[in-house]
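Colleague: Sharing a structure here in structure tokens format.
The values are calculated or read from the model by the stated rules, or taken from the named source; none is laboratory data. Just so you know, these numbers come straight off a predicted model, no measurement behind them. Every residue, glycine among them, receives a Cβ derived from its backbone with ideal geometry; neighbour counts consider all protein chains shown.
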Amino acid sequence: MAQNAKSMSVRDRRPLYVQAIEALTNMIETGQLKTGSQLPPEDEFAAKLGISRSTLREALGHLETHGLIARRQGIGTFVTIPSSPGFFGGLQRLEPFKELARTAGVQHSDVETSIDAATASPKLAAVLDTEVGVELVHIQTIQAIDEIRCMYVNDYLIDMGGLFEKLSNYKKSVLTYMFDECNPSLSFTRSEIFAIEATDKIASKLKVPKGKPVFHMEETYFAARGNILGVGFSYFITDNFRFYITRKAILGSS
């Protein structure tokens, strides 16, 4: 197991916690960790996996969010299975939707991507804390899970010069671009989440009836220094997956 962890850290460029999530999920799916079984103590389990205890805890937190394990206070952590069908995705981590789908073991595909130049409308200027008319790059993406359209995103990034050309030739996600190519890079987002009825445009993009309830997220992208990189308007169909958020109690709260 330790040899496998060494391979993960050297040959795989993904973060260790992502590799650990994949390894643990595979152990559950192949029956190495059986449903109902109790996991070993964290220090022992981390040593067997060849990873740090903090990395293990991060991976276990992800599995708990996805309903693959359950923690029983004072007793231990047990393997379980999701109580409902479909893709269970967490929102705690800032990562491309493709990575969420891959970790969940479902097939992800990019149905459509388009990039065009735009200028900041009064609404966008207010969100981006900039002036009306500032040059932006508008990226529209439609993504699918198991060949079913489920996500439509409108991203608007502030064009600092040459961004349109760079993104036109960029093959990865907008989030990945902001992580890897922006300087300073993407650090955090602030989001507003609510339900809306699908408009004509949203219904057309997602191939659903007009008026169907969809999950809407308006997300502002911030760099480490607090400056705004852009804003994203996402629309999700949750028939085939659902998002989960783990909320932990604060000790001593009344």
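Colleague: Could you tell me whether LYS205 is more than 30 Å from ILE69 (Cβ to Cβ), of a type in the set (Lys, Arg) and in contact (Cβ under 8 Å) with a residue 40 or more places away in the chain?
Modeller: yes
Colleague: Among ALA195, ALA120, which is the only one that is hydrophobic (A, V, I, L, M, F, W, C) and farther than 17 Å from SER234 by Cβ?
Modeller: Every option except ALA120 fails the conditions.
Colleague: Mind checking which residues of the stretch 20-34 are under 26 Å from the mean Cα position of the chain (by Cα) and in contact (Cβ under 8 Å) with a residue 12 or more places away in the chain?
Modeller: Passing the criteria: ALA20, ILE21, GLU22, ALA23, LEU24, THR25, ILE28, GLU29, LEU33.
Colleague: On to the next question. For the condition more than 28 Å from VAL106 (Cα to Cα) and of a type in the set (D, E, K, R), what is the one hit in GLU147, GLU192, GLU197, GLU165?
Modeller: GLU165
Colleague: Could you pull out the residue among PRO41, PRO15 that is over 26 Å from the mean Cα position of the chain (by Cα), over 13 Å from LEU68 (Cβ atoms) and either surrounded by 12 or more Cβ atoms within 10 Å (Cβ to Cβ) or at pLDDT 85 or above (or both)?
Modeller: PRO41
Colleague: Shifting gears a bit: Considering only the stretch 116-136, state which residues are buried (at least 19 other Cβ atoms within 10 Å of the Cβ) and in contact (Cβ under 8 Å) with a residue 40 or more places away in the chain. Reasoning before the result, please.
Modeller: To start, the set of residues in the stretch 116-136 that are buried (at least 19 other Cβ atoms within 10 Å of the Cβ) comprises 120, 124, 128, 136.
Passing the criteria: LEU124, LEU128, LEU136.
Colleague: Shifting gears a bit: Go through the stretch 185-209 residue by residue and tally those that are in a loop (DSSP other than H, G, I, E, B) and under 19 Å from THR141 (Cα atoms).
Modeller: Final tally of qualifying residues: 4.
Colleague: With respect to GLY230, determine if the residue is at pLDDT below 90 and closer than 23 Å to THR119 by Cα.
Modeller: Numbers: at pLDDT below 90: no; closer than 23 Å to THR119 by Cα: yes.
In short, no.
Colleague: Go through (1) surrounded by fewer than 18 Cβ atoms within 10 Å (Cβ to Cβ); (2) touching a strand residue (DSSP E or B) at 6+ places or on another chain (Cβ under 6 Å); (3) at pLDDT 80 or above for LEU91 and report which single condition fails.
Modeller: Of (1) surrounded by fewer than 18 Cβ atoms within 10 Å (Cβ to Cβ); (2) touching a strand residue (DSSP E or B) at 6+ places or on another chain (Cβ under 6 Å); (3) at pLDDT 80 or above, only one is false for LEU91: (3).
Colleague: If you don't mind, another one. Report every pair of residues separated by at least 6 positions or lying on different chains whose Cβ atoms are under 7 Å apart, first residue within the stretch 165-193 and in the same structural domain as MET217 (by TED's automatic domain parsing) and over 20 Å from ARG14 (Cα atoms), second in a helix (DSSP H, G or I) and of a type in the set (Phe, Trp, Tyr).
Modeller: The qualifying pairs are LEU167/TYR177.
Colleague: Which of the residues that make up the stretch 124-177 are under 18 Å from GLU112 (Cα atoms), assigned to a helix (DSSP H, G or I) and touching a Leu at 6+ places or on another chain (Cβ under 8 Å)?
Modeller: Within the stretch 124-177, LEU167, VAL174, LEU175, TYR177 qualify.
Colleague: Kindly evaluate THR176 against the criterion of being surrounded by fewer than 18 Cβ atoms within 10 Å (Cβ to Cβ), over 18 Å from the mean Cα position of the chain (by Cα) and of a type in the set (Val, Ile, Thr).
Modeller: Judged against the criteria, THR176 is not a match.
Colleague: Which pairs do you get when a residue that is closer than 26 Å to GLY211 by Cβ, found in the stretch 226-254, comes within reach of a residue that is at pLDDT below 60 and assigned to a loop (DSSP other than H, G, I, E, B), reach meaning Cβ atoms under 7 angstrom, with the pair 6+ apart or on two chains?
Modeller: Listed pairs, sorted by first residue: ASN240/GLY86; PHE241/GLY86; ARG242/GLY86.
Colleague: Can you tell me how many residues in the stretch 111-139 are touching a helix residue (DSSP H, G or I) at 6+ places or on another chain (Cβ under 9 Å), over 13 Å from LEU229 (Cα atoms) and charged (D, E, K, R)?
Modeller: Number satisfying all stated conditions: 3.
Colleague: Does ILE237 satisfy the condition of being surrounded by 15 or more Cβ atoms within 10 Å (Cβ to Cβ), at pLDDT below 95, more than 19 Å from SER173 (Cα to Cα) and touching a strand residue (DSSP E or B) at 6+ places or on another chain (Cβ under 8 Å)?
Modeller: yes
Colleague: Can you tell me which residues in the stretch 73-88 are modelled with pLDDT of 65 or more and of a type in the set (Ser, Thr, Tyr)?
Modeller: If the condition is that a residue be modelled with pLDDT of 65 or more and of a type in the set (Ser, Thr, Tyr), then THR77, THR80 are the ones that fit.
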